[in-house]
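What follows is a short report on a single structure.
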Amino acid sequence: MLANTALAVMWVGLTCYALFGGADFGAGVWDLLSGGAERGRARRGLIEHSIGPVWEANHVWLIFVVVTLWSAFSTVFAAVMSTLYIPLTLAALGIIARGAAFAFRKASTELWQQRLFGACFALSSLVTPFFLGAVAGGVASGRVPPGLAEGDVVTSWLNPTSALGGVLAVLTCAHLAAVYLCADADREGRPELARGFARNAVLSGLAAGAVACAGVAVLHADAPELFHGLTHRALPLVILSAVAGLAVLGLLAKHRFVVARAAAALAVAAILWAWGAAQYPAMLVGGTTVSEAAATPAVLSAILVSLGFGAVVLIPSLWLLYTTFQRATPEQPHR
Amino acid sequence: MLSASVPGIALAANRVSAGDLSAARAQMGFSLAWHIVIACLGVGLPALTLLAEWWGIRTGSPSHQLLARRWARAMGVLFAVGAVSGTILSFEMGLLWPGLMGRFGQVIGLPFALEGIAFFIEAIFLGIYLYAWDRLPPRRHLLTGIPIVIAGTASAFFVVCANAWMNQPRGFTLRDGKVVDVDPWAAMLNPASWPQTVHMILAAFMVASFLTASVYAVALLRGRRDTYHRAGFVIPFTLGAAVTPFQILVGDWAARFLADYQPAKLAAIEGVYTTGSHVPLTIGGIAGDDGLKYGLEVPNGLSLLVGYSPDTVVKGLDRVPRGQWPAVTGVHWAFDLMVSIGFFLLAMGLWLLWAWWRRRRMGGELPFNRLFLMLAAVSGPAAVVALESGWCVTELGRQPWIVWGVMSVRDAVNPAPGLMAGLWLVLVVYAAMTVATVYVLRRMTRGTPVPQAPQEEDVSRYPVV
């Protein structure tokens, strides 16, 4: 029971990272695709304005997931980290380059610096979710055996399921970001930007859907256990995700941007939970189950109690953060 | 599945090459040494910024308000760099030391989980503090900064608790290679936690204060002796000077803690080879196989420091198997360097006190002469050197153990091949990040220069983000 609760809490963290941190990555992807310095100025300005105050808080969800995994399921953490250390090192370097470059770009005044740091921010926004998705693919297809570096350090992440995971992660992040940015542009009174992001959202949504459909064949061939789970126990969640994804397209066409946000978030969350449900109770497919990997009850309860108390402080704080910046910018009296 | 992973851990020591082990140690050491400086600024700089902002609101002084805005701007950049370099460390715990995490991850998970919460609070309020500067009334804005300082200090406390556990592992039992009877609270609040955390938190305030003061000492030396630059120097330098005497007392406590709990580390720090009483305090010197030569000896010094009596017995390296000695010369020199810098900073604080006293008697401005300002300009980098030396003492003094007396570094490392390549990649990325950080911070000060005598409108025009 405690182990399942800890797993669920970790999965909530992972969902939040995908929905908030993932959208920040996606915003970086759109930054990359915004065109030259002059043409992309307005879009880049909106992106920076939207993610500036919140990206560091959104990034902390990743630390939350990593720490919960190592405290509550130490052996799984050790196995995943030691076997998949190449894509994880690359993702870590991407995280460094992205966060630092975003802050540096904001602090720079000259165009060439903004270009250099902007390119660094945007490129690492593209590669980081790819590597994280590849890691997920490696775990989900059962390529991480228990023990230290027992899996193949190369084929554990260079394989069809990992490639699918990586591409899907990038497309999903881009889609989420485009949907979120529609609402931001609309609120800031920039209908032309909102229309542009709506187009991007539809395109990336269709692309993600197409890749997901093609992925069915990949999983059938490459990750049979996951395929079986997704088509049986997790099927309702897969259908929910597809329906929500289609609803996003309709809502965007009707300019219902805020509801579209919720639907896009639901589509992404449902697919993450579908993965969890398909794999459960295995944490390492073909090896370790949740109850085998779980820390002793004393540790699990200490961590859950601390996180519970933490949530009492965190939830109002997050609420304050998002409500402070989800209002239209007031007239600035000093300027 | 724990049982299945234990043979894997046993195997790790045989599978890993000496080069990969050194690469893993170098990568962890390097990324920690880098992060620790930024993390200290992350703990100390918000406090300085709030102090300046509060002063500015209270007195209406535009100079202080401008200082607060400028420090906040630097804080934003440094916090971003600190957040990502800290994330890398949590990855590296698993990428480089899965043997440690696989077996003991659950034992030290609690302080990291708490640190995660504290860091979350810090990131949330930093976002509000920086971005809502012109959206909130001044006093309410000041309040949104307070959680940053509290959470920053708390996260330093939790993360150092985890490191303290590696020095004083508690809260578990090893039975046939399996970790059982875990008590995460006992593990977190082990005997090393208090001396180590207090020492580190004070160090963070000293590093941030003296480094910030150094910048303004250079400006004062260049003749910019206006209110703005004087305040930029006096606020942080006073805070640093106020903390230093306490730090020296806490340092003494931390060293005497070692006499009771980690005698091998104390023996390496002080270069004590033979157990006995009337042990002298040796300053400097070169370590050989049988003793420390060419050092300056203070008769009975160490025995007096440890137990307040020359008869106090100090355990020497002769009580430690030869294969388990830390690198004596390196640890000894790092310790001496840290202590000398500590006393140098104490002397600078006393000089400041004397300057205040003279001003009270004679009136006018604080009498800072060139020599004082030159030494003050050095104090910031010196504090960083002291910080790094102190960290070397803690970490190298624990070798060859990753968990003192329980697990060796060799048993913890990732047996996967190719760690050397990872080291080079990380070095390149960190070098680029270092250059960019220094460059951006320097450009930031020149891109939006401050006026000699700031007025209210200059303040409101200065961008925070």
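Restricting B:Val426, B:Val459, B:Val438 to those that are assigned to a helix (DSSP H, G or I), without any contact (Cβ under 8 Å) to a residue 40 or more places away in the chain, of a type outside the set (Lys, Arg) and out of contact with any strand residue (DSSP E or B) (no Cβ under 6 Å at 6 or more places or on another chain) reduces the list to B:Val438. Which of the residues that make up the stretch A:151-165 are in a helix (DSSP H, G or I) and out of contact with any Leu (no Cβ under 8 Å at 6 or more places or on another chain)? Those that are in a helix (DSSP H, G or I) and out of contact with any Leu (no Cβ under 8 Å at 6 or more places or on another chain): A:Pro160, A:Ser162, A:Ala163, A:Gly165. Could you go through the stretch B:159-172 and let me know if any residue there is without any contact (Cβ under 8 Å) to a residue 40 or more places away in the chain and surrounded by 23 or more Cβ atoms within 10 Å (Cβ to Cβ). Scanning the stretch B:159-172, I find at least one residue that is without any contact (Cβ under 8 Å) to a residue 40 or more places away in the chain and surrounded by 23 or more Cβ atoms within 10 Å (Cβ to Cβ), so the answer is yes.
When you check B:Gly94 against the structure, is it part of a helix (DSSP H, G or I) and modelled with pLDDT under 90, yes or no?
For B:Gly94, the condition - part of a helix (DSSP H, G or I) and modelled with pLDDT under 90 - is met.
In the stretch A:271-296, which residue that is within 9 Å of chain B (Cβ to nearest Cβ) and surrounded by fewer than 20 Cβ atoms within 10 Å (Cβ to Cβ) is nearest to the chain's Cα centre (by Cα)? Among those that are within 9 Å of chain B (Cβ to nearest Cβ) and surrounded by fewer than 20 Cβ atoms within 10 Å (Cβ to Cβ), it is A:Thr289. Checking A:Arg195 against (1) in contact with an Asp or Glu (Cβ under 8 Å, 6 or more places away or on another chain); (2) free of Cβ contacts under 8 Å to residues at least 40 places away in the same chain; (3) among the charged types (D, E, K, R), which test does it fail? For A:Arg195, the failing item is (1). Among the residues of the stretch B:289-304, are any crowded, with 18+ Cβ neighbours inside 10 Å, in contact (Cβ under 8 Å) with a residue 60 or more places away in the chain, in contact with a Leu (Cβ under 8 Å, 6 or more places away or on another chain) and part of a helix (DSSP H, G or I)? No, the stretch B:289-304 contains no residue that is crowded, with 18+ Cβ neighbours inside 10 Å, in contact (Cβ under 8 Å) with a residue 60 or more places away in the chain, in contact with a Leu (Cβ under 8 Å, 6 or more places away or on another chain) and part of a helix (DSSP H, G or I). Checking the structure you have, find out if any residue of the stretch B:147-158 is buried (at least 18 other Cβ atoms within 10 Å of the Cβ), among the aromatic types (Phe, Trp, Tyr) and away from chain A (no Cβ under 13 Å). The answer is yes, given that some residue of the stretch B:147-158 is buried (at least 18 other Cβ atoms within 10 Å of the Cβ), among the aromatic types (Phe, Trp, Tyr) and away from chain A (no Cβ under 13 Å). You will find that of B:Leu352, B:Leu371, the residue that is loosely packed, with under 12 Cβ neighbours inside 10 Å, modelled with pLDDT of 90 or more and in a helix (DSSP H, G or I) is B:Leu371 and no other. Residues that are surrounded by 14 or more Cβ atoms within 10 Å (Cβ to Cβ) and polar (S, T, N, Q) were ranked within the stretch B:308-339; the one that is nearest to B:Trp391 (Cα to Cα) is B:Thr329.
Only one residue in B:Leu220, B:Leu258, B:Leu174 is within 30 Å of B:Pro451 (Cα to Cα) and modelled with pLDDT under 95, so which one is that?
Working: B:Leu258 fails: within 30 Å of B:Pro451 (Cα to Cα); B:Leu174 fails: within 30 Å of B:Pro451 (Cα to Cα).
After applying the criteria, what remains is B:Leu220.
Among the candidates B:Phe233, B:Phe210, the residue that is assigned to a helix (DSSP H, G or I) and farther than 26 Å from B:Ile150 by Cβ is uniquely B:Phe233. Scan B:Ala151, B:Ala156 and give me the residue that is within 22 Å of B:Ala254 (Cα to Cα) and within 25 Å of the chain's Cα centre (by Cα). Step by step, each of B:Ala151, B:Ala156 is checked, and only B:Ala156 is within 22 Å of B:Ala254 (Cα to Cα) and within 25 Å of the chain's Cα centre (by Cα).
Only a single criterion out of (1) within 13 Å of chain B (Cβ to nearest Cβ); (2) in contact with a Ser or Thr (Cβ under 6 Å, 6 or more places away or on another chain); (3) not in a helix (DSSP H, G or I) is not satisfied by A:Gln114, namely (3).
Each residue in the stretch B:173-194 was checked for being of a type outside the set (A, V, I, L, M, F, W, C) and buried (at least 23 other Cβ atoms within 10 Å of the Cβ), and 2 of them qualify. If you go through the stretch B:406-422 one residue at a time, do you hit one that is part of a loop (DSSP other than H, G, I, E, B), within 14 Å of chain A (Cβ to nearest Cβ), in contact (Cβ under 8 Å) with a residue 24 or more places away in the chain and in contact with a Ser or Thr (Cβ under 7 Å, 6 or more places away or on another chain)? Checking the stretch B:406-422: at least one residue is part of a loop (DSSP other than H, G, I, E, B), within 14 Å of chain A (Cβ to nearest Cβ), in contact (Cβ under 8 Å) with a residue 24 or more places away in the chain and in contact with a Ser or Thr (Cβ under 7 Å, 6 or more places away or on another chain). Do we have any residue at all in the stretch A:30-50 that's out of contact with any Asp or Glu (no Cβ under 6 Å at 6 or more places or on another chain), within 14 Å of chain B (Cβ to nearest Cβ) and over 21 Å from A:Arg199 (Cα atoms)? For the stretch A:30-50, residues out of contact with any Asp or Glu (no Cβ under 6 Å at 6 or more places or on another chain), within 14 Å of chain B (Cβ to nearest Cβ) and over 21 Å from A:Arg199 (Cα atoms): absent. Search the stretch B:338-358 for residues that are over 14 Å from B:Ala242 (Cα atoms) and pair each with any residue that is in a helix (DSSP H, G or I) when their beta-carbon atoms are under 6 Å apart and the residues are at least 6 apart or on different chains. Matching pairs, first to second residue: B:Met338/B:Ala386; B:Met338/B:Ser389; B:Met338/B:Gly390; B:Ile341/B:Ala382; B:Ile341/B:Ala386.
Against the numbered list (1) within 10 Å of another protein chain (Cβ to nearest Cβ); (2) within 20 Å of B:Ala383 (Cβ to Cβ), B:Phe205 comes up short only at (1). Could you go through the stretch B:442-464 and let me know if any residue there is modelled with pLDDT of 90 or more, more than 14 Å from chain A (Cβ to nearest Cβ) and crowded, with 16+ Cβ neighbours inside 10 Å. No: the stretch B:442-464 contains no residue that is modelled with pLDDT of 90 or more, more than 14 Å from chain A (Cβ to nearest Cβ) and crowded, with 16+ Cβ neighbours inside 10 Å.
Within the stretch A:181-206, the set of residues being touching a helix residue (DSSP H, G or I) at 6+ places or on another chain (Cβ under 9 Å) and surrounded by fewer than 17 Cβ atoms within 10 Å (Cβ to Cβ) comprises A:Arg187, A:Glu188, A:Pro191, A:Glu192, A:Arg195, A:Arg199, A:Leu203, A:Leu206. For the structure I just gave you, tell me whether B:Ile124 is at pLDDT 95 or above, crowded, with 24+ Cβ neighbours inside 10 Å, hydrophobic (A, V, I, L, M, F, W, C) and assigned to a helix (DSSP H, G or I). Judged against the criteria, B:Ile124 is not a match. Each residue in the stretch A:1-40 was checked for being of a type outside the set (Phe, Trp, Tyr) and within 30 Å of A:Ala298 (Cβ to Cβ), and 15 of them qualify. Kindly indicate whether any position in the stretch B:394-402 is farther than 29 Å from B:Lys293 by Cα and either at pLDDT below 90 or not in a loop (DSSP other than H, G, I, E, B) (or both). Looking through the stretch B:394-402, at least one residue is farther than 29 Å from B:Lys293 by Cα and either at pLDDT below 90 or not in a loop (DSSP other than H, G, I, E, B) (or both).
Name the residue, out of B:Arg103, B:Arg139, B:Arg70, that is basic (Lys, Arg), facing another protein chain (nearest Cβ under 8 Å) and either on the phi < 0 side of the Ramachandran plot or not in a helix (DSSP H, G or I) (or both).
B:Arg103
Checking each residue in the stretch A:58-111 for being surrounded by fewer than 24 Cβ atoms within 10 Å (Cβ to Cβ), basic (Lys, Arg) and more than 7 Å from chain B (Cβ to nearest Cβ) picks out only A:Arg105. Note on the stretch A:223-233: among residues that are under 18 Å from A:Gly286 (Cβ atoms) and out of contact with any Leu (no Cβ under 8 Å at 6 or more places or on another chain), the one that is surrounded by the most Cβ atoms within 10 Å (Cβ to Cβ) is A:Ala223.
B:Ile128 passes every criterion in (1) under 30 Å from A:Ala298 (Cα atoms); (2) in contact with a helix residue (DSSP H, G or I) (Cβ under 7 Å, 6 or more places away or on another chain) apart from (1).
The values are calculated or read from the model by the stated rules, or taken from the named source; none is laboratory data. Everything quoted here is computed from the prediction, not taken from an experiment. FYI the Cβ positions are ideal-geometry reconstructions off the backbone, even for glycines, and counts take in every protein chain you see.
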